[in-house]
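We did not get these values from a lab; they are worked out from the coordinates using the rules stated. Computed from a predicted model, the values in this text were never measured in an experiment. Virtual Cβ from ideal backbone geometry, glycine too; neighbours counted across all protein chains shown.
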Amino acid sequence: MMKEHVEFENALKEWIGQVMQLSMKDFIEYSAETRLSMPQIAMLVRLNDRKHCAVTELGEEFGVSGAAASQMVEKLVQMGLLERVEDANDRRVRRLLLTPKGKTIVERNFEARQGWIKGFCATVTPEFARNAAHMFRELMDAAQRFEAGERFESQHHPCQDARRAARPHPRSV
């Protein structure tokens, strides 16, 4: 591995560690306040991404038995965070839906994990913020290519190409 890659890898590990510490601090306090376990919160977040979901689907996604998923769901139903509704296409199937109280828990969960970001961003100069935003977009592109199995070979360095850094990213337009 090239020296620059090792340096980048180490810096990235340090950054991710710091971000995780900042993100998890308030999240852990919030989860203790709600008296929900991490798997229960994860289940609510997962259900927030869908209109309806069946217990068997959740069990498969979380890698637990149908009985374990059913127990977790039952507790969340009893807490008023989920409701079971009849499937419109098949009355034998019961789908899960977040209640308004469940949606509030999910929204506050995101706030607890990301509340620090605005304050942090206010601590840097506008020029640094612009350059960092560009760098993060480049990193996201690289991560998406990595996930797709492609190798990232940058033609430009964002700090060396001011015109490229000033140009809005296609996703932000």
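Some observations on this one:
- For region 132-140, the Karplus equation 6.51 cos²θ - 1.76 cosθ + 1.60, evaluated at θ = phi - 60°, returns couplings of 5, 4, 4, 4, 5, 5, 4, 5, 5 Hz by residue, with Gly and Pro reported as x.
- Close amide H pairs (under 5 Å, H built 1.01 Å from N) link CYS53 with LEU96, residues at least 5 positions away or on another chain.
- Annotation: amide H of THR99 within the under-5 Å range of LEU82, GLU83, sequence separation 5 or more or interchain, hydrogens built in the peptide plane.
- Candidate lysines - alpha carbon under 27 Å from LYS118, same-chain residues fewer than 8 apart omitted: LYS13, LYS25, LYS101, LYS103
- Within region 27-62, the trypsin sites (Lys or Arg not before Pro) that combine a DSSP coil assignment with at most 16 other C-beta atoms in a 10 angstrom radius are ARG35, ARG50, LYS51.
- A DSSP coil position with no more than 15 other Cβ atoms inside 10 Å describes none of the chymotrypsin sites (Phe, Trp or Tyr not before Pro) in region 101-132.
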